[in-house]
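First the structure, in the form of C-alpha cells, and then the observations on it.
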Amino acid sequence: MELFQYQWVDIFATKGIEYILVILFLISIVPVWRLVRGPVRAGMRLVGRAASVLWGWFNFPQGIYYHQGHSWALPEDGLLKVGVDDFAQKLVGRPDAVELPTVGSKVKQGDIGWRMVIGGKTIEMLSPVSGEVVAINRKVLENPTLLNMDPYGEGWLLKVKPENARVDLRNLLKGETLKGWIETTLERLGRRLGGELGLVYQDGGAPISGFARALSPDNWDDIAREFLIPET
C-alpha cells in the first residue's frame, strides 16, 4: 500500500507570488476607497436632498396629460387644449413674447409647437399633440405673464383638433408613468443644482422665476433646452 506523501512547494517559485501581489493590491486600495467614498456619499446625499426639496416646488395636476418636453394636453369638447407645464414656466421665467402658430396651421406631436422670447433669446417648445390649430390664446400674446400666473388655466396656449386623440394621449404621461418621469426630472435637476440649491430660492423658500438664469446667467438657454427638448 502506497502512502500519500506531502511535498513542500515554494510559493515564490510558482504562481503563488501573483496571488500575493493581487492581495496586496486589494489591501492597498481600501484606504483610497474610504477617502473617495466620503465625497461620493456626500454628493449622493446632496442630490437626494435637492430632489426632495424640489418635490414641493412644482405643480403637476392630475387629469392632465404631460409631454416629456414639459408641455401638456387636456381633452375638452372634442378638442385638445395645450399649454406649458409649471416646471417649464418656472425654469425659464416670464417671456417677453410668445410666438404661437396661426389658426388653421398644423402641429405635430414632438415637433416645435411654439416659441418664447426671453431676454433676447428664443426658446422652442414641443407640441404634445398632432392636429389642426383651431384657436390660440390671444390674451397670452398680449400679456405673457398669464403663462406664469396660471399655466394650466388662463395661461393655456392652443386648442387643437386632433388627428387621432387616442394615439396622442397614449403617448403622453399620466398616473404612475407621470410620477416616474417627475422623479427622474427632479433627480436630473438636483444633479444640475449640486451645491447651488440656495441660488434658486426666494426668501420664502420658493423657486426664483426663471431659475435657469440664476444657475447660468450667460448660458441659461442651454439648460432650458436640456429639459425642454428631450433626447429621443
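Quick note: the coordinates plus some simple rules give every number you see, no bench work behind them. Not measured: the values here are computed from a predicted model. No Cβ is skipped: glycine too gets one built from the backbone with ideal geometry, and neighbour counts run over all protein chains shown.
With a ≥ b ≥ c taken as the square roots of the eigenvalues of the C-alpha gyration tensor of the stretch 45-155, please select rounded if a/c is under 1.5 and otherwise prolate if a/b is larger than b/c or oblate if it is not? Taking the square roots of the gyration eigenvalues as a ≥ b ≥ c, the stretch 45-155 is prolate. Each peptide in 73-80, 111-118, 171-178 receives the mean, over its residues, of other Cβ atoms within 10 Å, and ordering these scores from highest gives 111-118, 73-80, 171-178. Histogrammed with a bin width of 10 Å, the alpha carbon distances of the stretch 65-228 distribute as 10, 40, 35, 13, 2 percent, first bin at zero.
Sorting the segments 59-71, 94-106 by their mean number of nearby beta carbons within 10 angstrom, highest to lowest, gives 59-71, 94-106. Each Cα pair under 8 Å and six or more residues apart adds its sequence gap; the mean of these over the residue count of the stretch 65-228 is a relative contact order of 27 percent. The modelled label-to-label distance for the pair Glu154/Glu231, using points 7 Å beyond Cα in the direction of Cβ, is 4.0 nm. Legend: distances between Cα atoms for Lys106/Lys174; Lys90/Lys121; Lys121/Lys161; pairs beyond 28 Å are Lys121/Lys161. For the stretch 64-110, what class follows from the C-alpha gyration tensor (a ≥ b ≥ c being the square roots of its eigenvalues): rounded when a/c is under 1.5, otherwise prolate if a/b is larger than b/c, else oblate? Taking the square roots of the gyration eigenvalues as a ≥ b ≥ c, the stretch 64-110 is oblate.
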